[in-house]
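First the structure, in the form of structure tokens, and then the observations on it.
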Amino acid sequence: MTITVDLDTRSYPIYIGSGLLGQVGLLDPHIAGRDVLAVTNSTVAPLYLDRLLAMVRPQGQAARAGRVESLVLPDGEAYKTMATAGAILDALVGQRYGRDCVVLALGGGVVGDVTGFAAAIYQRGVDFIQVPTTLLAQVDSSVGGKTGINHPGGKNLVGAFHQPLCVLSDSDTLRTLPDRELAAGLAEVLKAALIADAGFFEWIEAQAASLVGRESAAVNHAIRRSCEIKAEVVAGDERERGRRALLNLGHTFGHAIELCAGYGQWLHGEAVGAGIGMAARFSARLGWLSAADAARIQSLLERLKLPLRPPQVDAEAFLAAMAMDKKVLAGQLRLILLPAIGNGRVTAEFPLRELQAFVRAELGAQ
């Protein structure tokens, strides 16, 4: 199946399905005759790099794709840094690649984000393609053009908007995904439902066991619907000046969890899952969300094998991390809260003292 992210001249397809990786000809419209650098990590490379290279350099037709090189990075959130982006830039410069090259990002969210960022700044921007191999990347981070790296002061504080030429999501790659990584991706599926589609939330409730069990039909539907929701939001607000901020439900809390716990201790999706739980409980505390709906969200997080609460970290450090969130405007923190399931809202309309009391209570209730 193919979904289109509609951005006028920068529109692009998202290819979703089984057996796409290695399908010769699928990427030809985007790369034929061009120099290619395929970037991946040490975990994904032994599994899927050869299949991707076969797509861009099929046997007997190597000249069609120009030069094809690959770069294997270390694996982990700890490597989502300027140094890693620099290694990609060094590879591009070392191969003397021009502005007409294309960079392929094969891996999860870290590979996609840092590779996209390097592509955005190399010679003021070269083309790239997302080939996500984790559920989180397939349903969220590969779509929408957000690229970036972490900074010691906060998550994703350095980055650029840079849309890919296309996204190729082969659901077969999820067969090799560890259970924690699968659950991390399900947090982003749940997020999409909570901000925009109550019917999709009900479907996830009914299909939770199938999703955790990696049943192909359920997983493919989850990828498709999540991408449809994100594509619609991004098409209306590419650079997050308004509604696109809804896609950060759970992320302000989640980014603070990642920073305070130490990058790599919690997977991004695990932190988002706990952050969604916090956002639901804070919404209920403010009287926005019913206690019954907050309990439904909590129950579904548990069934999807996601953390229900944040780790026990220093509350003041946690609040300081939240204050560095990218959604802070004019010194005022904005959160994505839930008036109802399927209805997210970006708001600064909450007492700061109430948020501080909530966070301190959450971190003391372990």
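Of all residues in the stretch 284-301, those satisfying the criterion of being in contact with an Asp or Glu (Cβ under 9 Å, 6 or more places away or on another chain) and of a type in the set (Gly, Ala, Ser) are Ala284, Ser299. For residues in the stretch 215-239 being in contact with a strand residue (DSSP E or B) (Cβ under 8 Å, 6 or more places away or on another chain) and of a type in the set (Asp, Glu), which is surrounded by the fewest Cβ atoms within 10 Å (Cβ to Cβ)? Selected residue: Glu228.
Let's see how each residue does on (1) assigned to a strand (DSSP E or B); (2) at pLDDT 95 or above; (3) polar (S, T, N, Q):
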residue: Ile129; (1), (2), (3): yes, yes, no
residue: Val139; (1), (2), (3): no, yes, no
residue: Lys155; (1), (2), (3): yes, no, no
residue: Gly159; (1), (2), (3): yes, no, no
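Specify the residue that is modelled with the highest pLDDT; the eligible residues are those in the stretch 44-67 that are closer than 16 Å to Leu104 by Cα and basic (Lys, Arg). Going through the qualifying residues, I end up with Arg51. Filtering the stretch 257-315 down to residues that are part of a helix (DSSP H, G or I) and hydroxyl-bearing (Ser, Thr, Tyr), which residue is surrounded by the most Cβ atoms within 10 Å (Cβ to Cβ)? Selected residue: Ser283.
Of the residues examined, Phe282 is one that is within 23 Å of Gln356 (Cα to Cα) and modelled with pLDDT of 95 or more. The set of residues in the stretch 301-327 that are acidic (Asp, Glu) and either within 13 Å of Ala271 (Cα to Cα) or at pLDDT 95 or above (or both) contains only Glu302.
Do the conditions hold for Thr115, that is, is it assigned to a helix (DSSP H, G or I), of a type in the set (S, T, N, Q) and within 26 Å of Glu258 (Cα to Cα)?
So Thr115 fits the description; yes.
A count restricted to the stretch 78-134 and to residues that are under 17 Å from Thr173 (Cβ atoms), of a type in the set (Val, Ile, Thr) and touching a residue at least 60 places away in the same chain (Cβ under 8 Å) stands at 6. With the condition kept exactly as written, say whether any residue in the stretch 193-202 is under 23 Å from Ala274 (Cβ atoms) and surrounded by fewer than 16 Cβ atoms within 10 Å (Cβ to Cβ). Within the stretch 193-202, one or more residues are under 23 Å from Ala274 (Cβ atoms) and surrounded by fewer than 16 Cβ atoms within 10 Å (Cβ to Cβ). Residue selection: Arg34 satisfies the criterion of being of a type in the set (D, E, K, R), in a loop (DSSP other than H, G, I, E, B) and modelled with pLDDT under 95. If the condition is being of a type in the set (D, E, K, R) and either part of a loop (DSSP other than H, G, I, E, B) or in contact (Cβ under 8 Å) with a residue 40 or more places away in the chain (or both), then the stretch 316-325 contributes only Asp325. The test for being touching a Ser or Thr at 6+ places or on another chain (Cβ under 7 Å), aromatic (Phe, Trp, Tyr) and not assigned by TED's automatic domain parsing to the domain that holds Ile229 holds for Tyr48.
The values are calculated or read from the model by the stated rules, or taken from the named source; none is laboratory data. Nothing here was measured: the structure is a model prediction, and the numbers come from that model. When we count neighbours, we look across all protein chains shown, and the Cβ atoms used for this are built from the backbone with ideal geometry, even at glycine.
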